[in-house]
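Notes follow the structure.
The values are calculated or read from the model by the stated rules, or taken from the named source; none is laboratory data. Nothing here was measured: the structure is a model prediction, and the numbers come from that model. A quick note on method: Cβ atoms are made from the backbone with ideal geometry, for glycine too, and the neighbour counts reach across all protein chains shown. These accessible areas exclude ligands, DNA and RNA; they are computed on the full protein's heavy atoms, side chains included. Shrake-Rupley method; radii C 1.70, N 1.55, O 1.52, S 1.80 Å.
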Amino acid sequence: MTTAKESSAWSPFRLPVFRMLWVATVASNVGTWMHDLGAAWLMTSLSPSPAMVALVQTATTLPVFLLAVPAGALSDIVDRRRYLLFIQGWMAAVAVALGALALSSQVNEWSLVALTFAMGCGTAMMLPAWAAVTPELVPRPHLQAAIALNSLGINIARAIGPALAGVIVSLAGTGAVFVLNAVSYLGVILVLARWKREPGASELPRERFFVAVRSGLRFARHAPELQAAVVRGLAFFLFASASWALLPLVARGVEGGGPQTFGLLVASIGAGAVLGAVVLPKVRSKVSSDALVAAASVLYAATTLSLALLDDLALLCLAMTVSGIAWISVLSSLQVAAQMALPDWARSRGLSVFMTAFMGAMAGGSLLWGQVAERTSIPVALSIAAGGLIVAILFSWRWKISGFESIDLSPAMHWATPVVHDGVSEDRGPVLVTLRYRVRPQERAAFLAALRTLGRRRRRDGAFSWGVFEDTEHESEFLESFYAESWLDHLRQHERVTQADRDLQEEIQEFLFEPPKVSHFVAPRASEAEALSLSP
């Protein structure tokens with residue numbers, strides 16, 4: 001039984017690897033926020049166009065939209081520790097290159113966009129794997145606390161990095177912050193190199209890349225809990241991106257505005273997010289995640305509107321502090337919902353779908369609001385975005401993210417291993433699996449409703465076709481059937497069945513006279529199938 005102490009907000013810090021990686025990540029994120037502020041401010045010097053300034057935000061987030069799903073599949077089928085080490089090295093090298101160009105005054109608008117895009121590619125390849133590492137470091141009862149602490153760390157960095165970058169840019173130029181960002185990756189690289197990661201428990205061959213991508217997309221298509229987090233994220237981030245994209249220009253428009261002003265505004269967002277992360281556990285115990293996201297969206301809309309109406313730095317800093325509280329409330333709630341909707345085998349792939357929606361909305365929104373500001377004005381663009389946030393609450397309200405935190409998605413491993421003859425190899429397929437049910441007449445409606453839910457989960461775990469048929473002679477007998485692409489894919493289904501699936505299958509058995517009869521069939525070999533097709 002988990003005690004109160006064990007389940008406290010700070011309990012993950014008692015785990016050494018999580019603690020060391022958290023500290024190293026905070027230091028690295030300080031460097032990242034310094035880098036982001038330096039890049040955004042450098043663009044305002046190279047080109048004052050709102051569209052070009054917003055393009056920096058687009059170049060940062062667009063790669064996640066393009067690459068997150070392949071990156072999630074790759075992260076699920078390779079050693080995550082080595083994968084993350086390679087990506088961290090890539091991002092450090094890009095930061096060094098940008099720093100060298102900036103220090104030698106050889107950077108222009110398009111080289112800045114190109115290298116920002118290259119850094120974004122590293123971020124895109126890293127994010128799904130990084131998010132999937134957390135459940136490996138902490139047990140499930142501590143997962144919500146660990147996610148909250150990770151969000152807290154990001155926002156501590158957001159509070160420190162921009163303010164520090166504003167000072168460094170004023171004194172030493174943007175090149176210095178790019179070089180410091182490169183150095184900040186060393187701590188994470190060291191901790192990852194020392195981490196003794198346990199290998200996966202599966203004895204099956206590793207999935208091929210394109211098969212892994214396809215299975216991840218199939219999972220997302222048939223996982224309504226993950227879809228709810230994605231839809232709520234799209235509805236919020238498309239409009240919330242306006243304040244991020246246009247904030248450098250708002251800072252420049254403040255009287256005496258400069259890099260320190262920009263850094264102070266971004267640091268205020270980070271400070272608000274830190275405050276929000278501290279109070280969120282108490283708020284979550286009193287209100288649902290759905291209500292929290294809606295209330296935080298209204299709050300964020302108000303702060304976005306304040307950017308359009310205010311020009312006093314103190315008031316803007318106060319508004320940005322409130323926006324940080326709202327931002328972390330929405331982002332943390334959606335991240336927890338996405339994590340809780342995913343079993344281990346699809347974790348990176350499922351998170352990559354969520355991140356694709358998140359970053360796609362941020363990238364597309366940044367581009368959109370930059371163009372709107374270019375054609376109208378910055379206050380008009382921010383005012384429209386604030387109104388859009390309110391409308392989005394109404395549009396997305398039916399997609400609930402509350403109520404499934406307690407679903408047990410750990411592997412059940414209760415399906416018996418099928419008996420096969422020597423001719424059934426792993427690459428044989430497709431495979432047909434049938435289950436014959438004898439249903440109690442009075443339970444017919446409840447049985448069919450439960451079976452529809454089970455069918456969605458079959459498809460989620462790898463079935464490419466599913467159906468249920470009624471026996472024409474006996475109205476109380478039904479045949480469920482589903483297909484897998486190969487015998488190996490069906491064996492993967494055995495490993496993917498969760499405890500929640502087991503509970504559903506036991507519920508279905510309560511509607512039956514006897515346990516269902518399970519049969520497996522595999523298609524003839526290619527040569528035999530050809531002979532069958534030629535038969536008269």
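Select from ALA267, ALA212, ALA129 the residue farthest towards the positive end of the dipole of the range 114-267; place +1 on Cβ of Lys and Arg, -1 on Cβ of Asp and Glu, and compute about the Cα centre.
ALA212
Go through the range 489-527 and name the chymotrypsin sites (Phe, Trp or Tyr not before Pro) that are in a DSSP coil and have 15 or fewer other Cβ atoms within 10 Å of their Cβ.
PHE513
Tell me, what is the percent relative contact order of the chain, built from C-alpha pairs under 8 Å that lie six or more residues apart?
Values: 906 pairs, mean separation 107.4, N = 536.
For the chain, the relative contact order is 20 percent.
Relative contact order for the range 378-536: what percent, with Cα pairs under 8 Å and sequence separation of 6 or more?
34
Whole-Hz Karplus ³J(HN,Hα) for the range 154-170, in order, using 6.51 cos²θ - 1.76 cosθ + 1.60 and θ = phi - 60°, x for Gly and Pro?
Coupling constants for the range 154-170: 4, 7, 4, 5, 5, 6, 8, x, x, 4, 5, 5, x, 5, 5, 4, 5 Hz.
I'd like the distance separating the alpha-carbon centroids of the range 168-212 and the range 301-339, in whole Å.
29
In degrees, nearest 10, range 0 to 90: what is the angle between the Cα axis of helix 209-221 and the longest Cα principal axis of the chain?
That helix lies at roughly 90 degrees to the long axis.
For a quick protection proxy, order the peptides 262-274, 20-32 by their average other-Cβ count within 10 Å, most packed first.
262-274, 20-32
Can you give me the P(r) profile for the chain? Cα pairs, bins 10 angstrom wide beginning at 0, each as a whole percent.
4, 17, 26, 23, 15, 9, 5, 1, 0
For a quick check: with amide H placed at 1.01 Å from N, whose amide H comes under 5 Å from TRP397's, ignoring anything fewer than 5 positions away on the same chain?
none
Suppose every Lys and Arg Cβ carries +1 and every Asp and Glu Cβ carries -1, with no other charges. What dipole size does the chain come out with about its Cα centre, to the nearest 20 debye?
960
Multiply the residue gap between SER410 and ALA172 by 0.36 nm, knock off their C-alpha separation, and tell me the result in nm, one decimal place.
Length gained, SER410 through ALA172: 80.5 nm.
With a 1.4 Å probe and every protein chain left in place, work out the accessible area per residue of the chain in Å², rounded to a whole number.
Accessible surface, normalised per residue, equals 44 Å².
Under a point-charge model restricted to the Cβ atoms of Lys and Arg (+1) and Asp and Glu (-1), what is the dipole moment magnitude of the range 318-441 relative to its Cα centre, in debye to the nearest 20?
So the magnitude is around 500 debye.
Only four residue types carry charge here, +1 at the Cβ of Lys and Arg and -1 at the Cβ of Asp and Glu. Report the dipole size of the range 385-454 about the Cα centre in Debye, rounded to the nearest 20.
Result for the range 385-454 is approximately 520 debye, rounded to the nearest 20.
Taking θ as phi - 60°, what are the ³J(HN,Hα) couplings along the range 436-447 by the Karplus curve (6.51, -1.76, 1.60), each to the nearest whole Hz, with x for Gly and Pro?
9, 10, 10, 9, 5, x, 6, 9, 4, 5, 5, 4
For the chain, what % of the accessible area comes from carbon and sulfur atoms, probe 1.4 Å?
Exposed carbon and sulfur together represent 63 percent of the surface.
Considering Cα pairs under 8 angstrom that are at least six residues apart, work out the relative contact order of the range 212-367 and quote it in whole percent.
43
Given a Förster radius of 30 Å and the C-beta distance between THR434 and TRP397 as r, what FRET efficiency does 1/(1 + (r/R0)^6) yield to the nearest 0.05? Display every interim value, and only then the final one.
Working: r = 41 Å, r/R0 = 1.35.
Efficiency computed from Cβ-Cβ geometry: 0.15.
Only loop residues by DSSP count here, and only those with at most 13 other Cβ atoms within 10 Å; note down the GluC sites (Glu not before Pro) in the range 135-214 that meet that.
GLU203
I need the phi-derived Karplus couplings for the range 467-481: 6.51 cos²θ - 1.76 cosθ + 1.60, θ = phi - 60°, integer Hz, Gly and Pro marked x.
Whole-Hz 3J(HN,Hα) from phi for the range 467-481: x, 9, 10, 9, 5, 6, 8, 10, 5, 9, 10, 10, 10, 9, 9.
As I understand it, the value is the acute angle between the Cα axis of helix 347-375 and the longest principal axis of the Cα atoms of the chain; what does it come to in degrees, rounded to 10?
On a 0 to 90 degree scale, this one is about 40.
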